[in-house]
Amino acid sequence: MPDQRIQRKLVAILAADVVGYSRLMGLDEEKTHRTLAAHLTEHIEPCISAHGGRIVKRMGDGLLSDFPSVVDATRCAVEFQMGMHRRSEGVPPQEQIRFRIGINVGDIITEANDIYGDGVNVAARLQEVAEPGGVCISEDAYHHLRNHRDLKAESIGQQKLKNIADPVGAYRILFDGAAVAVPSLLVPETPSVAVLPFENLSHEPDEEYFADGVVEDITTALTRMRHLFVIARNSTRGYKGSDIGVKTIGRELGVRYLVEGSVRRASGRLRISAQLVNASSGIHLWADRFDGTTAEIFDLQDQIAVSIVGAITPKLEEAEIDRAKRKPTESLDAYDYYLRGLWAFDRTTISRSAVDEALQHFMAAIERDPTFAVAYARAARCFATRKSNGWMSDPVAETVEATRLARRSVELGWDDAIALTYGGYVLGYVSGNLKDCAACIDRALALNPTLAAALGVSSWVEACSGRPETAIERAGLAMRLSPFDPRMAAWQFNTALACFCAARYDDAIDWAERSIREQPFYPSALRVAAASYAMAGLTKEAHEMSERLHQLDPALRLATLSKILPPFQRAEDRSRYIEALKMAGLPE
């Protein structure tokens, strides 16, 4: 009777896997297959054989090997990775084939063409922990290396491995004092994002095309944000159906943020879920869902793409500001100063000291990068806020400086929608040149039709130009695109101003009150509220608003009001506004 005993032996197990194989196949299937095959036959197989190992089996983009000792396996892994590094020289980073390697030692079950056991499973999971181009070994394996000075390692602590019950102590291999790793793609200093393929939960072919279309539209819309580094769609489609973790994808693509999502259809209705993730920490920054019918599938696709972009853009900005605030001051660069300026300026309650702080940060950014167009625009915007609140100590000199900064932002940022938006606004409000302002905003919207900030300023331009209905429409679109934006109070004020110009005083009161709830000490909103209450015959409420204005600025008089009013192009709008404030009790 044949011997049925299970064969076991103590061996070192090496598990290797290609980093981002699905993405590489998505880029160029045939080239990836040929290149990997060449690496295996010309380098990897000879390397394993030279160190006394054998390839137990190949697993698509990975392989499993065993060795008589951990020392042999580790020396092989080092040579394996250093050889792959040399073979990748001159190859674009996004096309390089890189491996992760995990090594463990264990008593395993052996068969002719396979090996089994916890020791194998741990090695396979350890390679997932390794850096791209790196080698990760278990604590048990590490004990075999301590007397071999050519093999150095450092602890990375206890690791909770997938489908392994207990945490495993892990080490990464060092070579000549450094981790053996081909560097991941460098993450840009500016915010960087990739939109991953959306998962089709309904398994209907129509939804597959729909989901791809949503991702395409979101990616396209994000690329219009000049200060956002967006990975091209061709580089993300390879992750479709992949179970690779977000941290790994972030390293492979060299981005800080990822957008994920899913599509589900049931009973003629569609549900799209989307979320924004910090790739380095795995923390979810934002999530939402969008519902509609399948009858107008392509209109819904556009609406969802616009809504997602509008929602994630402020969240990206918040996350970047939070990152910059944590950096030590001695390591700040121009972009960090810019982000700190945004944080100071976009607080819920605007104060003189906050605007002064923001201006200092923006000027520091300009000092470090004299071509930083949007920093000029934001600095100029600080002077506009000073004017609106009556905080200018030297109006003539500050108007000159604001105009200089605004014009410089437009010169440097003629292809930058954000620089055009804020630089243009300052030219309109502080410099009084509404025609130049309108030209800048038109250009900004041509560059990025979904930029909420540009639509918000456009609503102000339209209101001042005597086109209140268009103004109300533009402000409404800005608020829909970015429903949690720190500039919401300004857009609500713009709507109130447009309603006042249209003699819709009840609507003007409603929108002014909303703006005041967002920013209780917002003089522009208080002024339009007082004027609208007065024109609506609500004298008591008008005088209450006037009193709140007086508390904010005791020196405010009708005689000085002209210096801070919007540049109304229709004489009747201007005269009616001033008369209404007089009726509200603003002193002569």
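Test Cys136 against the stated conditions and say whether it is touching a His at 6+ places or on another chain (Cβ under 6 Å) and crowded, with 16+ Cβ neighbours inside 10 Å. It is false that Cys136 is touching a His at 6+ places or on another chain (Cβ under 6 Å) and crowded, with 16+ Cβ neighbours inside 10 Å.
The selection criterion, being touching a strand residue (DSSP E or B) at 6+ places or on another chain (Cβ under 7 Å), among the basic types (Lys, Arg) and either under 16 Å from Phe99 (Cα atoms) or free of Cβ contacts under 8 Å to residues at least 60 places away in the same chain (or both), does not hold for Lys9. Among the residues of segment 392-402, is there at least one that is over 25 Å from Gln519 (Cα atoms) and assigned by TED's automatic domain parsing to the domain that holds Arg557? Looking through segment 392-402, none of the residues is over 25 Å from Gln519 (Cα atoms) and assigned by TED's automatic domain parsing to the domain that holds Arg557.
A quick yes/no check of all residues on (1) within 18 Å of Tyr577 (Cβ to Cβ); (2) modelled with pLDDT under 95; (3) touching an Asp or Glu at 6+ places or on another chain (Cβ under 9 Å):
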| site | (1), (2), (3) |
| --- | --- |
| Thr495 | yes, no, yes |
| Ala502 | yes, no, yes |
| Ala512 | yes, no, no |
| Arg517 | no, yes, no |
| Tyr522 | yes, yes, no |
| Ala531 | yes, no, yes |
| Asp553 | yes, yes, no |
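Does segment 359-372 contain any residue that is within 19 Å of Tyr429 (Cα to Cα), acidic (Asp, Glu) and either out of contact with any Gly (no Cβ under 7 Å at 6 or more places or on another chain) or not in a helix (DSSP H, G or I) (or both)? I'd like the intermediate steps shown before the answer.
Step one: of segment 359-372, the residues within 19 Å of Tyr429 (Cα to Cα) are 359.
Among the residues that remain, those that are also acidic (Asp, Glu) are: none.
Scanning segment 359-372 turns up no residue that is within 19 Å of Tyr429 (Cα to Cα), acidic (Asp, Glu) and either out of contact with any Gly (no Cβ under 7 Å at 6 or more places or on another chain) or not in a helix (DSSP H, G or I) (or both).
Listed by position, the helices (runs of 4 or more DSSP H) contained in segment 492-588 that have at least 1 residues being in contact with a Ser or Thr (Cβ under 6 Å, 6 or more places away or on another chain) and not assigned by TED's automatic domain parsing to the domain that holds Glu398 are 505-518, 523-535. Go through the residues of segment 558-571 one by one and say whether even a single one is buried (at least 18 other Cβ atoms within 10 Å of the Cβ) and among the charged types (D, E, K, R). No: segment 558-571 contains no residue that is buried (at least 18 other Cβ atoms within 10 Å of the Cβ) and among the charged types (D, E, K, R).
Here the condition is being closer than 29 Å to Ser532 by Cβ and buried (at least 19 other Cβ atoms within 10 Å of the Cβ); of Ala502, Ala498, it holds for Ala498 alone.
Right, Ala489: in a helix (DSSP H, G or I), buried (at least 19 other Cβ atoms within 10 Å of the Cβ), assigned by TED's automatic domain parsing to the domain that holds Arg378 and at negative phi or not?
On the way: in a helix (DSSP H, G or I): yes; buried (at least 19 other Cβ atoms within 10 Å of the Cβ): yes; assigned by TED's automatic domain parsing to the domain that holds Arg378: no; at negative phi: yes.
Taking the combined requirement at face value, the residue does not satisfy it.
Suppose we filter segment 427-484 for residues that are at negative phi and in a loop (DSSP other than H, G, I, E, B); how many remain? Count: 12.
Residues of segment 70-113 that are surrounded by 18 or more Cβ atoms within 10 Å (Cβ to Cβ) and part of a loop (DSSP other than H, G, I, E, B): Ser88, Gln96, Ile97, Arg98.
Filtering segment 508-549 to residues that are in contact with a helix residue (DSSP H, G or I) (Cβ under 6 Å, 6 or more places away or on another chain) and among the polar types (S, T, N, Q) leaves Ser515, Gln519, Ser524, Ser532, Ser546. Suppose the filter is at pLDDT 90 or above and under 22 Å from Leu126 (Cβ atoms); does Val18 pass it? Against the criterion (at pLDDT 90 or above and under 22 Å from Leu126 (Cβ atoms)), Val18 qualifies.
Determine whether Thr470 is surrounded by fewer than 22 Cβ atoms within 10 Å (Cβ to Cβ) and not assigned by TED's automatic domain parsing to the domain that holds Gly432. Give the derivation first.
On the way: surrounded by fewer than 22 Cβ atoms within 10 Å (Cβ to Cβ): yes; not assigned by TED's automatic domain parsing to the domain that holds Gly432: yes.
Spelling it out, Thr470 is indeed surrounded by fewer than 22 Cβ atoms within 10 Å (Cβ to Cβ) and not assigned by TED's automatic domain parsing to the domain that holds Gly432.
Restricted to segment 391-415, and to residues that are crowded, with 24+ Cβ neighbours inside 10 Å and farther than 17 Å from Val355 by Cα, which residue is nearest to the chain's Cα centre (by Cα)?
Filtering segment 391-415 for residues crowded, with 24+ Cβ neighbours inside 10 Å gives 402, 405-406, 409-410, 413.
Narrowing the set further to residues that are farther than 17 Å from Val355 by Cα leaves 409-410, 413.
Details: Ser409: 23, Val410: 25, Gly413: 21 Å.
Filtering first and then ranking leaves Gly413.
Going residue by residue through segment 351-363, is there one that turns out to be at pLDDT below 85, surrounded by fewer than 13 Cβ atoms within 10 Å (Cβ to Cβ) and more than 24 Å from Ala194 (Cα to Cα)?
Step one: list which residues in segment 351-363 are at pLDDT below 85, which gives none.
Within segment 351-363 (the criterion being at pLDDT below 85, surrounded by fewer than 13 Cβ atoms within 10 Å (Cβ to Cβ) and more than 24 Å from Ala194 (Cα to Cα)), the answer is no, since none of the residues qualifies.
Looking at segment 381-426, which of its residues are in contact (Cβ under 8 Å) with a residue 40 or more places away in the chain, part of a loop (DSSP other than H, G, I, E, B) and charged (D, E, K, R)? Hits for segment 381-426 are Asp415, Asp416.
The values are calculated or read from the model by the stated rules, or taken from the named source; none is laboratory data. Quick caveat: nothing in here was measured; it's all calculated off a predicted structure. Here Cβ is always computed from backbone atoms with ideal geometry, including for glycine, and neighbour counts include all displayed protein chains.
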